[in-house]
Amino acid sequence: MGAERAFYVCTECGESSAQWLGRCPACGNFGTMSRESREPPGRRTTLAVSRPLRMVELGGEAPRLQVGIPELDRVLGGGVVPGSLVLLGGEPGIGKSTLLLQAAYALSEGGAKVLMVSGEESAAQIASRARRIGCLHPDLYLLCETDLERVEEAARELEPRVMIVDSLQTVRCPEMDSAPGGVNQMRECVLRFQGLAKDSGSAVFLVGHVTKEGLLAGPRLVEHMVDCVLYFEGERFDSLRVLRAVKNRFGSVSEVGIFEMTDGGLREVEDTSRHFLDRRPQPVSGTATAVVMEGRRPLVVEVQALVVPSRLPAPKRVSTGIDHRRLAIDVAVLERKGRIKLDDRDVYVGISGGLHILEPALDLAVCAAVASSRRDRALPPGTVLVGEVSLTGEVRPVSRMEERLREASRLGFSTAVLSARSRARTSRLDMDILEVDDVKGALARLGIYAADR
Ligand code: TYD
Ligand code: MG
């Protein structure tokens, strides 16, 4: 037997090298080159078109298959495309298996044959969970297997419309002698599932675990190979779960699906704004309400701030749900342009409902909540604030203002504070509009501006 040559593959980008290197020459990461013992079997070509054809003569996209869970269908871009590969990533315990079990049940209810493959849990465990959350169906098949060839065999025999593989990291191609979850194993398995999906027209969902750093455990490479990458996110101690598309060859990546984890499985959250709003009879100091966009959906959220005297030479700025750099900037702008003294105060800011918001349209509400807590004065009731705050203290207009205000109005908000440069047509809305130029002006209109120094 000839000695097998070892080679090394970067777990981040998939670059290979004949010798071990401390740093990957392609992506520059340190310590990511891992030993693999055999070249992957030759790549199969999976494209159906092998000679040039006129594009107009090619058939259109096959009709999509509706899963039957509207929040999931929307994130997929209007249902799942037959023959496509969808990767569902998320931290362990977030609810990936639960979501796909419910999807499998909904698909079966809609008349599609579904095969679930699990290498993570025993058949008894899965069946008992399915029974508990009401997801048993005669057209729903389960195979507890980690051997790729047997999975392929089962798929050929059963011919399911949809196949769910939980998880990619546990499947093993027996022709390769490296451990499951390694770069080569995963690449090979994805290629084989891709072939299977394209040949049979089945849609394949692959579950992928994510490490603490937020990357799929294993190569990013897998993300490039699939058609659609979804992430399931949420805080461990909060029941809210957000499903986000980060890549979609068949649709937009701006859509999100919102769920709540309950004792009976995942439940779709329909009136999302109400879910994120802490309603109380009287406004309290340190809170401000904003309208942010999650995908194409406006969400009314509450920003909560607490400003307390600090004993530290560098006072704390702590945020949950918003970027800490963004908070540091908003606080600096408030100090300098809003004339709110904060250099001897610790500032804590959070978002109600456990959501993570990156949108700059939240800036004005963050500034108002911090100023309100610092002055211990509540904002006028029924007010929403929507605007980005620049480093110069100017309040800038943001996109989709009318949609945002319509949502706020629907929930009973009567006043909106926004940029004077915003060209939103607000005349048809039943709201008072306060147009402001800068942070100082906004705080003055809200009755919380007063020079501290
Ligand atoms: P799971 O789908 O197994 O997560 P993943 O596949 O992403 O690892 O979900 C695990 C968690 O969800 C578990 O901690 C318990 C919780 N859970 C509920 O709260 N209610 C339920 O009905 C189910 C099925 C799970
Ligand atoms: Mg799981």
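Odds and ends about this structure:
- Scan of the range 224-260 for residues that are part of a strand (DSSP E or B) and more than 30 Å from G83 (Cα to Cα), ordered by number: L240
- Count of residues meeting criterion [surrounded by fewer than 17 Cβ atoms within 10 Å (Cβ to Cβ) and under 14 Å from L379 (Cβ atoms)] in the range 400-417: 1
- Residue list for the range 420-453, filter: surrounded by fewer than 19 Cβ atoms within 10 Å (Cβ to Cβ), in a strand (DSSP E or B) and hydrophobic (A, V, I, L, M, F, W, C): I433, L434
- Selection from the range 257-274 of residues that are within 11 Å of ligand 1 (Cβ to nearest atom), without any contact (Cβ under 8 Å) to a residue 60 or more places away in the chain and within 18 Å of the chain's Cα centre (by Cα): E260, R267
- Checking A416 against (1) within 20 Å of S273 (Cβ to Cβ); (2) at pLDDT below 95; (3) over 28 Å from the mean Cα position of the chain (by Cα), the condition it does not meet: (2)
- Residue tally, condition out of contact with any helix residue (DSSP H, G or I) (no Cβ under 8 Å at 6 or more places or on another chain) and within 11 Å of ligand 2 (Cβ to nearest atom), over the range 98-121: 1
- Residues being closer than 14 Å to G382 by Cβ and in contact (Cβ under 8 Å) with a residue 60 or more places away in the chain - total across the range 420-446: 1
- Evaluating L87 against the criteria (1) loosely packed, with under 10 Cβ neighbours inside 10 Å; (2) at pLDDT 80 or above leaves one unmet condition, (1).
- Residues of the range 122-160 that are within 15 Å of ligand 1 (Cβ to nearest atom), assigned to a loop (DSSP other than H, G, I, E, B) and free of Cβ contacts under 8 Å to residues at least 40 places away in the same chain: S122, L136.
- Residues in the range 286-309 include none that are charged (D, E, K, R) and either touching a Lys or Arg at 6+ places or on another chain (Cβ under 7 Å) or free of Cβ contacts under 8 Å to residues at least 24 places away in the same chain (or both).
- Of all residues in the range 332-370, exactly one satisfies the criterion of being among the small types (G, A, S), out of contact with any Phe, Trp or Tyr (no Cβ under 8 Å at 6 or more places or on another chain), within 14 Å of T287 (Cβ to Cβ) and surrounded by fewer than 24 Cβ atoms within 10 Å (Cβ to Cβ), namely G350.
- Considering only residues in the range 215-243 that are over 11 Å from the mean Cα position of the chain (by Cα), within 21 Å of T98 (Cβ to Cβ) and not aliphatic (A, V, I, L, M), the one that is modelled with the highest pLDDT turns out to be C228.
- Candidates V331, V292, filtered to the one that is modelled with pLDDT of 95 or more and assigned by TED's automatic domain parsing to the domain that holds S372: V331
- For the criterion of being more than 12 Å from ligand 1 (Cβ to nearest atom), in contact (Cβ under 8 Å) with a residue 60 or more places away in the chain and under 25 Å from the mean Cα position of the chain (by Cα), V183 passes.
- Matching residues, the range 392-419, being without any contact (Cβ under 8 Å) to a residue 24 or more places away in the chain and outside any helix (DSSP H, G or I): none
- Residue pairs whose Cβ atoms lie under 7 Å apart, separated by 6 or more positions or on different chains, with the first residue in the range 88-102 and under 21 Å from E223 (Cβ atoms) and in contact (Cβ under 8 Å) with a residue 12 or more places away in the chain and the second of a type in the set (D, E) and within 8 Å of ligand 2 (Cβ to nearest atom), are S97/D166; L100/D166.
- Summed over the range 89-112, residues that are part of a helix (DSSP H, G or I) and not polar (S, T, N, Q) total 10.
- Subset of the range 72-84 that is of a type outside the set (S, T, N, Q) and surrounded by 23 or more Cβ atoms within 10 Å (Cβ to Cβ) - its residue that is nearest to ligand 1 (Cβ to nearest atom): L72
The values are calculated or read from the model by the stated rules, or taken from the named source; none is laboratory data. Please read these numbers as outputs of a predicted model, since none were measured by experiment. All Cβ positions, glycine included, derive from the backbone under ideal geometry; neighbour counts span all protein chains shown.
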